[in-house]
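**Q** Dumping the structure here so I can ask a few things about it.
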Amino acid sequence: MIDKLIEKSIRQKAAAAGLGISVRQVKRLVKRYREKGTIGLVSKQRGQPSHHQLPEDTRQRIVDLLHSTYQDFGPTLAQEKLVERDGMKVSVSSVRKIMIEEEIWKPKKAKKLEVHQHRERRACFGELVQIDGSPHDWFEGRSPKCTLLVFIDDATGALLQLRFVKSESFFSYARAAEGYFGQYGKPAFFYSDKNGVFKVNNPSNSKRDALTQFGRAMQELGIQIICAETPQAKGRVERVIKTLQGRLPKELRLGGINDPDAGNAYLPTFIQDFNNRFAVKPRSSFNAHRPLSASDDLAKIFTWQEDRTLTKNLTLQYRYTIYQIKTDRPSYALCKVPVKVCEDVNGLVSIYYKGELLDYTIYHRQAKQALVVPTKQLDQVLVNKHRTYKPAPDHPWRRGFATPLSKRSAQKGDILT
């Protein structure tokens, strides 16, 4: 290209476009070529240190912090903390390079591409909210393992609600949903998996259209639940849970937070910071959330509700307990009538007949029978059950065992002696 320029077979602009450099640089190269030949075309920066490399003292400080404070952090999160907490101006690529050199981070191999059906984000904020729970050691051994409930908007990818709970249950999702409704309102749809909280997976022949307690509550609020067939179908909440498992435990550790109660108090701050980093703008500016109406009594809706029929003696049985209805009416007026039993999160039972609260007394508590435990709550029921009973200090099991001897059996030469 420079030979053609010297021979004047092409113009400087054409040479600059062909080489991808400026016209001024082309003029410099022509001058060096005439003075030194082809050696003059070699960059003078070759073999020299970069002008943008980190100073040695700065690099050493980063290495010390990576080994001491951010050892198990990923490159992106470590770079964010180095900038925010330590005031160091460094790029993610530089941190990643240092972590690889120090053998703190291993480059991940490219995964085999799996093709799934692509689904566009919803257009409006609040149109579809994905919900899921993640059992994980969120406090890294400083507190017992718990579950994090996650509510994420499909249109923006913004976290709407996070809450630490013991396990995925109706009451845990109800409390999380109540906090979410109070802040944003009611969404159009919830998108979940086929957990027993959201879907009756083994309906009987007589209850093909049966609803779970959470499904019944959402039906009363006018919110439809959609259950995904595969984890990939609700990939947005699955991916954000993976991101939370990488980021949230480190944030809790740096903040000195060691239990779920303190974690729940910190989560609103984490949600705001997370949304500022990762949330995107929806295609439509319309907010699909609906405000709670005066008839939406969340305290009553989010109770465990079951239907019962009163006996001739005006009694009913609920959770191995017999309730005797107290009324001033003649007994035949309430005989064989259907009533609704409502139990709140604290275990308080209320009985309603046509919306009217009935007074009752507990007549008899039956002996404890076999418990029916959902699969996802089995670990919580069985945890440390083998340690609940401790033998007394003078228990024979602690004293050991001795072979009894008698005068007849203890003869000379006998092994018992």
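The values are calculated or read from the model by the stated rules, or taken from the named source; none is laboratory data. Small disclaimer: the values here were computed from a predicted structure and weren't measured. Every residue, glycine as well, gets a Cβ built from its backbone with ideal geometry; the counts of neighbours run over all protein chains shown.
**Q** Inspect all residues belonging to the stretch 53-67 and state whether any of them is within 28 Å of the chain's Cα centre (by Cα) and of a type in the set (D, E, K, R).
**A** No: the stretch 53-67 contains no residue that is within 28 Å of the chain's Cα centre (by Cα) and of a type in the set (D, E, K, R).
Quick grid of which residues meet (1) assigned to a loop (DSSP other than H, G, I, E, B); (2) of a type in the set (S, T, N, Q); (3) surrounded by 13 or more Cβ atoms within 10 Å (Cβ to Cβ):
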| site | (1), (2), (3) |
| --- | --- |
| Arg236 | no, no, yes |
| Asn258 | yes, yes, yes |
| Phe270 | no, no, yes |
| Asp307 | no, no, no |
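**Q** Given the conditions (1) crowded, with 22+ Cβ neighbours inside 10 Å; (2) closer than 23 Å to Glu251 by Cβ, which single one is not true for Asp154?
**A** All conditions are met except number (2).
**Q** Considering only the stretch 276-294, I want to know if a residue exists there that is touching a strand residue (DSSP E or B) at 6+ places or on another chain (Cβ under 9 Å), of a type in the set (D, E, K, R) and either modelled with pLDDT of 95 or more or surrounded by 13 or more Cβ atoms within 10 Å (Cβ to Cβ) (or both).
**A** Within the stretch 276-294 (the criterion being touching a strand residue (DSSP E or B) at 6+ places or on another chain (Cβ under 9 Å), of a type in the set (D, E, K, R) and either modelled with pLDDT of 95 or more or surrounded by 13 or more Cβ atoms within 10 Å (Cβ to Cβ) (or both)), the answer is yes, since at least one residue qualifies.
**Q** Hey, another quick one. Answer yes if at least one residue in the stretch 196-208 is closer than 23 Å to Arg122 by Cβ and either of a type in the set (Lys, Arg) or in contact with a His (Cβ under 9 Å, 6 or more places away or on another chain) (or both), and no otherwise.
**A** yes
**Q** Could you tell me whether Asp193 is of a type in the set (D, E, K, R) and surrounded by fewer than 18 Cβ atoms within 10 Å (Cβ to Cβ)?
**A** no
**Q** Just name the residue that is surrounded by the fewest Cβ atoms within 10 Å (Cβ to Cβ) out of those in the stretch 83-97 that are charged (D, E, K, R) and part of a loop (DSSP other than H, G, I, E, B).
**A** If we take residues in the stretch 83-97 being charged (D, E, K, R) and part of a loop (DSSP other than H, G, I, E, B), then Lys89 is surrounded by the fewest Cβ atoms within 10 Å (Cβ to Cβ).
**Q** Just to check your reading of the model, which residue among Ala177, Ala188 is buried (at least 22 other Cβ atoms within 10 Å of the Cβ) and over 22 Å from Arg277 (Cα atoms)?
**A** Of Ala177, Ala188, the one residue that is buried (at least 22 other Cβ atoms within 10 Å of the Cβ) and over 22 Å from Arg277 (Cα atoms) is Ala177.
**Q** So which residues in the stretch 32-58 are surrounded by 11 or more Cβ atoms within 10 Å (Cβ to Cβ) and out of contact with any helix residue (DSSP H, G or I) (no Cβ under 7 Å at 6 or more places or on another chain), if there are any at all?
**A** Arg34, Lys36, Val42, Thr58
**Q** Return the pairs, sorted by first residue and then second, in which the second residue is of a type in the set (Gly, Ala, Ser) and surrounded by fewer than 21 Cβ atoms within 10 Å (Cβ to Cβ), the first residue lies in the stretch 124-146 and is at negative phi, the beta carbons are less than 6 Å apart, and the residues are 6+ apart or on different chains.
**A** Cys124/Ser284; Glu127/Ala188
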